[in-house]
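Novice: Sharing a structure below in structure tokens format, with a few things to ask.
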Amino acid sequence: MFNSLPAYFRNYGLNADVRTLLVLRKAVEKNLVKTLGDVYNVLKGIIVKEPTEIGPFTRAYYKYFLNIDILNGEKLDDAILRSETFKQWKNKYLEEADQEFDESLEDLINRFLDQVHLTHYDIKELVSGSKIFDEDNPDLEDQEDNSNSFAASAERPLNKMADYSDLSLEELLERLEKIRAQQRSKHSGGSHWIGTGGISAYGHGGAAKDGIRVGGTGGGKMARKVMGNSNFFPIDMDSILSDNNVDAVLNSIKGVVEESAFEKLDVPGTIKTGLQRGGLFIPEMRHDKNEKLQIIVLIDNGGWSMAPYIKTVRDLFKKMKTRFSHDLKTYYFHNTIYDVVFSDPNRSKAVPIDKLLLNDKNYRVFIIGDAAMSPYELDRRSIRNWQAIQKKFKKTVWLNPEPVKYWNHTYTTQVLRQIINMFPLTIRGIEQAVLEMNRQKA
Amino acid sequence: MAETSYWEGSDKYLCDRELAQAFHMARTLGMPLLIEGEPGTGKTELPIHYSNDRKLDLHVYPVGSKSNVDQFVARFDHVKYLRDSQIEILNAQRAEKDLETKLSTGGRNPESLADYVVKGPATQAFQSPNSVLLIDEIDKAPREFPNDLLYALSHRKFIMPESGETIEVSEEEMPAIVITSNREQELPTAFKGRCIYHYIHFPDQEVMRQIVEKHHPTINEKVVDVALDVFYHLRRVGLDRAPTTREILNWLKYIKPLAPKEAIQKIEKLEGIGALIKTQTDLERIQQGVLRNPQDFMRRSTPN
């Protein structure tokens, strides 16, 4: 069942795999999946693991199950209006509606969304009203036979309930897949999943016509909200660092804190407390927690090419400092380092490179600069300095605001890249840089 | 049979539909429910009210930076064990010296190692069928903790240290497990993969009105209207720390005893705003805004 689902959802940057299908299968087995809205809910619970995945998930879901393609940044309502699925559903709905058609397009979309997101929880609440109606309905007995062919015939009697409790799990799963396939074929789109007028196309229950309040199920409302809110979409990890995504960077940079819950035998502690207990030595354990975070930031603030990034970069490390309150040293240079770096942005207070190298070797060094200069500027002396920094501080990375595709066109960038690991100054770049740092042993 | 009926909240707790459905799904599938969301949106309240409402045992494990699975499952109390094992010798020595008083082990027997096993909330939950287990603020835990935890939970079986006793629970009697997180730390993907995930959206004004009603049923409707307008306005102006559900409820608690007219006046003057605003810079910003343009500040609180 749904063998193509994991791969399909992965294309939207979501984590879906065989386990997703297994859990979905279990959910069907446990009677959790009776309507299309249930499929949405269950899959959401299994696949979505971050608020920022709700957006992509909703897009993938609408495309996969309903063949409704929500374009980037498009409103849900517009995508629905555009779709063939909605057009066919609308025609069928209007055909089947007995009374004069007096609903606005907006109401229609609401109704459509309600039916897409109708869950079996909703039906349970609503069915009581239609139950009375069903009780004196002579057709109810025959419903079990009819139900087998419902996928093929779009003409279903309304306000009847179908009972599939006799069907095996395999049959149910097969049916789910079949309906989905039909939904996606152009000719018979429309109402395979979504009942017109309220009966659920798949499942134990249906609701009477008009049995569902418009806007009542809530699921559609939420889907709409999600599509219009950037909080439910991932931040573009490859976008260049800016004031807006500094916080996201901060999260990735958090990886530099080493923490562990490993317990170690605390020998002095054991002796001390053992003596206090009168010679009863009980092993004392100590959490081996290493939160040492010492950072040196070297910023290239000369030249116009670096100017746009300096403020953001400084903000980033300032925020980091307040967040972690650890040792942070910032130095500045122009294009490349000769004998000195500077401790102030105006580059008036010089700090000899030898002094910089006297820092503890556990410091993590972030170099931020475009690494682009005239070849003669990067002379042998300067190269030796970079090599010395890399040699002393094993955890050194270079963050370059220039797009990666230009790196190969600049001679000095290529040279410096060979000495120091270089990453783009994007969120993903910083994340990778931090990972790389953690791999190096000081 | 496990408690897997659908629970929609109680008269004290308004359970968001989506959350109720996710919770039901988690219980039915026997998977832990991982809830994330802004602070003060009632993450921790869910299992508390659920267990109260359904009269189920609740076991809570508050996670801290030093949490480990031993605390969560069970640990062996070496100190007590050593003490008790020495007591017999001591008592024998005392008897030799004709001393009457004897030291007691408090009913524990050093022969039986199980007496010295201190059971953590997980074991307790596994021993009481259909209970509720809350693991609160898992994002505070050290990195390995979440994965260790799931390993422990997925086997539905714990082996007690030293005594070797096995505590097992059937799939039917598996406790309902709720895990909350404030997203201060990214949880391992493998961990999240084994949970049903739900992100609590911040309630809109309509839902908030219902929440307020559950907590303060007697309060005047108009007062709530005005207070909510101010509250949502404050959330919109982009403060460092936007006020949350918990804070509006506290604020209303302060305002509740007053007569409606007086209460509205107080709200409009932003009295007791300290209940909503928790940082100095935010407070200054708001006070400046109000001082500069007191009427305007309120008028702007309708969405523009």
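Novice: So if I place +1 on the C-beta of Lys and Arg and -1 on the C-beta of Asp and Glu, and nothing else carries charge, what would the dipole magnitude of segment B:205-298 be about its Cα centre? I want it in debye, nearest 20.
Specialist: With only Lys, Arg, Asp and Glu charged at Cβ, the dipole is about 180 debye.
Novice: Follow-up. Quick one: length gained pulling A:A7 to A:K264 fully straight, 0.36 nm per residue minus the C-alpha distance?
Specialist: Result for the pair: 88.1 nm of gain on full extension.
Novice: Run the simple label-point estimate for B:H78 and B:Q280 please: 7 Å along Cα→C-beta, distance reported in nm.
Specialist: 4.6
Novice: Would you list A:D266, A:D69, B:D84 from fewest to most Cβ contacts within 10 Å?
Specialist: Lowest count first: A:D69, A:D266, B:D84.
Novice: Counting residues in segment B:1-113 as N, plug N into 2.2 N^0.38 Å and put the Cα Rg over that result.
Specialist: For segment B:1-113, the normalised Cα radius of gyration is 1.79.
Novice: Turning to a different aspect of this structure: For a Förster distance of 51 Å, can you work out the FRET efficiency between the beta-carbons of B:E172 and A:S230, rounded to the nearest 0.05?
Specialist: For R0 = 51 Å, the calculated efficiency reads 0.75.
Novice: On to the next question. Neighbouring Cβ atoms within 10 Å as the yardstick, rank A:S230, B:S67 fewest first.
Specialist: A:S230, B:S67
Novice: Amide H to amide H under 5 Å from B:G40: which residues, 5+ apart in sequence or cross-chain, H placed 1.01 Å off N in plane?
Specialist: Residues meeting the criterion, in which the H sits 1.01 Å from N, do not exist here.
Novice: Separation between the B:D53 and B:T105 pseudo-spin-labels, each 7 Å from Cα along Cα→Cβ, expressed in nm?
Specialist: The answer from the label model is 4.7 nm.
Novice: How large are Rg and Dmax for segment B:41-83 when only the alpha carbon atoms are used, in Å?
Specialist: Calculated on Cα positions, Rg and Dmax stand at 15.4, 47 Å.
Novice: While we're on this one: Would you kindly work out the equivalent ellipsoid of segment A:294-439 from its C-alpha gyration tensor and give its semi-axes, the square roots of five times the eigenvalues, largest first in whole Å?
Specialist: 20, 18, 16
Novice: Also, I was wondering about something else. Can you give the average number of partner chain beta-carbon atoms within 10 Å of each beta-carbon in peptide B:59-67, as a whole number?
Specialist: 1
Novice: Quick one: the Cα spread of chain B along its three principal axes, in angstroms, biggest first?
Specialist: Extents along the principal axes: 88, 49, 36 Å.
Novice: Something else: Between B:Y6 and A:I271, what's the calculated FRET efficiency when r is the beta-carbon distance and R0 is 45 Å? Round to 0.05.
Specialist: Numbers: r = 58 Å, r/R0 = 1.30.
Efficiency for this residue pair is about 0.15.
Novice: Among the trypsin sites (Lys or Arg not before Pro) within segment B:97-130, which fall in a DSSP loop and have no more than 12 other Cβ atoms within 10 Å of their own Cβ? Each step should come with its number before you reach the end.
Specialist: Working: sites: B:K97, B:K102, B:R108, B:K119; in loops: B:K97, B:K102, B:R108.
Taking segment B:97-130 and a limit of 12 other Cβ atoms within 10 Å, the loop trypsin sites (Lys or Arg not before Pro) found are B:K97, B:K102.
Novice: How much length is gained if the chain between A:A350 and A:D69 is pulled fully straight, taking 0.36 nm per residue apart and subtracting their Cα-Cα distance, in nm to one decimal? Before the final figure, lay out each step's value.
Specialist: Details: separation 281, 0.36 × 281 = 101.16 nm, distance 5.87 nm.
Length difference between fully extended and current span is 95.3 nm.
Novice: Find the Cα radius of gyration of segment B:128-198, compare it with 2.2 N^0.38 Å by division, and give the number to two decimals.
Specialist: This ratio for segment B:128-198 stands at 1.19.
Novice: A further question on this structure: Less than 11 Å Cβ to Cβ from B:E173, Lys/Arg counted +1 and Asp/Glu -1: what total charge do the surrounding residues give?
Specialist: Spelling it out: positives minus negatives among the neighbours equals -3.
Novice: While we're here: Be a star and scan segment B:39-77 for residues whose amide nitrogen sits under 20 Å from the point 7 Å along the Cα-to-Cβ vector of B:R246.
Specialist: Only B:39-52, B:59-67 fall inside the zone, counting backbone N under 20 Å.
Novice: Using the structure shown, select from A:K349/A:K392; B:K12/B:K119; B:K140/B:K253; A:K49/A:K329 the pairs with a Cα to Cα distance greater than 25 angstrom.
Specialist: The pairs that break the limit, which is 25 Å between Cα atoms, are B:K12/B:K119; B:K140/B:K253; A:K49/A:K329.
Novice: While we're looking at this one, here's another question. Can you list residues whose amide H is under 5 Å from A:I367's amide H, if they're 5+ apart or on another chain and H is modeled 1.01 Å from N?
Specialist: Amide H neighbours of A:I367, under 5 Å, 5+ apart: A:L298, A:V397, A:W398, A:L399.
Novice: If you don't mind, another one. Could you pull out which residues in segment B:164-197 have an amide N less than 20 Å from a spot 7 Å beyond the Cα of B:K214, following the Cα-Cβ vector?
Specialist: Label zone hits: B:176-182, B:197.
Novice: What distance in nm separates the simple spin-label points at A:K319 and B:E88, each placed 7 Å from Cα in the Cβ direction?
Specialist: 6.3
Laboratory data are not the source of any read-out in this text; all were calculated from the coordinates shown. Here the structure is a predicted model, which means the values were calculated and not measured. Using ideal geometry, Cβ is built from the backbone for each residue, glycine included, and neighbour counts are taken over all protein chains shown.
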